[in-house]
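> Here you go, one structure.
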Amino acid sequence: MFGTEIGGVGIYLEFSFPAVIALILLTGGRTGELMVMLLCCALHECGHLALMFILHRRPERISFYGGGIRITPQVGRLGSTYGDIAVLLAGCCVNFLLALGSYLTHGMNFFTVTNLTLGVFNLLPFRYFDGGQVLNILTEGRCMKLIRTVFIILALAYLYITALQGRLSLSLTVTLVFIIAEELLADK
C-alpha cells in the first residue's frame, strides 16, 4: 500500500486498485469505458466530500482499493442523523443529476447508463454501500440482517436466472459475489 497525507487527510492506494483495473483491461475491458466508469466513481465520491466540507467535516482518509474508493470520516458521526444521511446520499444524488443532464443533452449513452447504474447500485441495502448505511441509521440497526438476507437471496436468484438464460455478466457476477461474501463474512 502506498500512502501520503494531503492537508491532514490520508490518501492511500492499495495494491488491489490497480490490480482490478489491470484485470478488467486484460479480460477485454475497453480503456475508454473504464475511464468513464472511474470518472463516474470519482464524481460520486466528490459528492460525499463536497457535502462533508460544507458541513465542516473533513475526511480522515481516502482509500483507493479493489472495491472502489472509500472515504473514512473523522471519528464519530457528523453530529446529526440528517447530516449523516445527507452525506451518504450525496454521491448517489450526483450520479442521478449527471445521468439526467447527460440524458437531456446527449440521450441514453454510456455515461448516462454508468451514472444511473452507480447511483442505483449504491442504494442497495448492503453494509458496504450508502443505501445500507442509510438504512442502518434509519432503523438503528434493527431488522438489517433480515433485509440483507433477502437481498442476498435476490442477488443469488438473479445470478442463477441469468446463468440459465446464458446472459451472465462476468463483471456483475464478480461484483455480486464480492458483495455477498463481504456481507456473510462481516456477520462472523
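The values are calculated or read from the model by the stated rules, or taken from the named source; none is laboratory data. Note that this is a predicted model, so its numbers are computed, not measured. Glycine also receives a Cβ, built like all others from the backbone with ideal geometry; neighbour counts cover every protein chain displayed.
> Starting from residues that are in contact with a Phe, Trp or Tyr (Cβ under 9 Å, 6 or more places away or on another chain) and assigned to a loop (DSSP other than H, G, I, E, B), keep the ones in region 97-123 and report whichever is surrounded by the most Cβ atoms within 10 Å (Cβ to Cβ).
Filtering first and then ranking leaves Asn122.
> If you go through region 75-96 one residue at a time, do you hit one that is in contact with a Lys or Arg (Cβ under 7 Å, 6 or more places away or on another chain) and not in a loop (DSSP other than H, G, I, E, B)?
Scanning region 75-96 turns up at least one residue that is in contact with a Lys or Arg (Cβ under 7 Å, 6 or more places away or on another chain) and not in a loop (DSSP other than H, G, I, E, B).
> Also, I was wondering about something else. Which pairs have Cβ atoms under 8 Å, sit 6 or more apart or on different chains, and link a residue in region 1-24 that is more than 17 Å from Met35 (Cα to Cα) to one that is at pLDDT 85 or above and in a helix (DSSP H, G or I)?
Qualifying pairs under 8 Å: none.
> Looking at (1) over 20 Å from the mean Cα position of the chain (by Cα); (2) modelled with pLDDT of 95 or more; (3) among the polar types (S, T, N, Q), which is the only condition Asn115 fails?
Exception for Asn115: condition (1).
> Among the residues of region 124-135, what is the count of those that are closer than 15 Å to Asp84 by Cα and buried (at least 17 other Cβ atoms within 10 Å of the Cβ)? So that I can check it myself, show each step before the final result.
If we filter region 124-135 for residues that are closer than 15 Å to Asp84 by Cα, which is where we start, we get 127, 129-135.
Among the residues that remain, those that are also buried (at least 17 other Cβ atoms within 10 Å of the Cβ) are: 129-135.
Adding up the residues that qualify gives 7.
> Identify all residues within region 143-158 that are in a helix (DSSP H, G or I) and either exposed (fewer than 13 other Cβ atoms within 10 Å of the Cβ) or among the aromatic types (Phe, Trp, Tyr) (or both); write none if there are none.
Step one: of region 143-158, the residues in a helix (DSSP H, G or I) are 144-158.
Result: Lys145, Leu146, Val150, Phe151, Ile153, Leu154, Ala157, Tyr158.
> Can you tell me which condition Ile179 does not meet? The list is (1) part of a helix (DSSP H, G or I); (2) more than 25 Å from Ile21 (Cα to Cα), and all the others hold.
(2)
> When region 162-176 is examined, which residues are found to be surrounded by 14 or more Cβ atoms within 10 Å (Cβ to Cβ) and either outside any helix (DSSP H, G or I) or acidic (Asp, Glu) (or both)?
Leu168
Results for (1) at pLDDT 85 or above; (2) assigned by TED's automatic domain parsing to the domain that holds Ser80; (3) crowded, with 16+ Cβ neighbours inside 10 Å; (4) in a helix (DSSP H, G or I), shown as yes or no for each residue.
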{"residue": "Gly10", "(1), (2), (3), (4)": "yes, yes, no, no"}
{"residue": "Pro18", "(1), (2), (3), (4)": "yes, yes, no, yes"}
{"residue": "Leu25", "(1), (2), (3), (4)": "no, yes, no, yes"}
{"residue": "Gly28", "(1), (2), (3), (4)": "no, yes, no, no"}
{"residue": "Gly32", "(1), (2), (3), (4)": "yes, yes, no, yes"}
{"residue": "Cys40", "(1), (2), (3), (4)": "yes, yes, yes, yes"}
{"residue": "His48", "(1), (2), (3), (4)": "yes, yes, yes, yes"}
{"residue": "Met52", "(1), (2), (3), (4)": "yes, yes, yes, yes"}
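> Additional query: Can you pull out the residues in region 87-116 that are farther than 24 Å from Met144 by Cβ and among the β-branched types (Val, Ile, Thr)?
Passing the criteria: Val94, Thr105, Thr112, Val113, Thr114.
> Do we have Glu14 as more than 21 Å from Leu124 (Cβ to Cβ) and either of a type in the set (Asp, Glu) or in contact with a Ser or Thr (Cβ under 9 Å, 6 or more places away or on another chain) (or both) here? Write out each step before concluding.
Working: more than 21 Å from Leu124 (Cβ to Cβ): yes; either of a type in the set (Asp, Glu) or in contact with a Ser or Thr (Cβ under 9 Å, 6 or more places away or on another chain) (or both): yes.
Yes: the conditions hold for Glu14.
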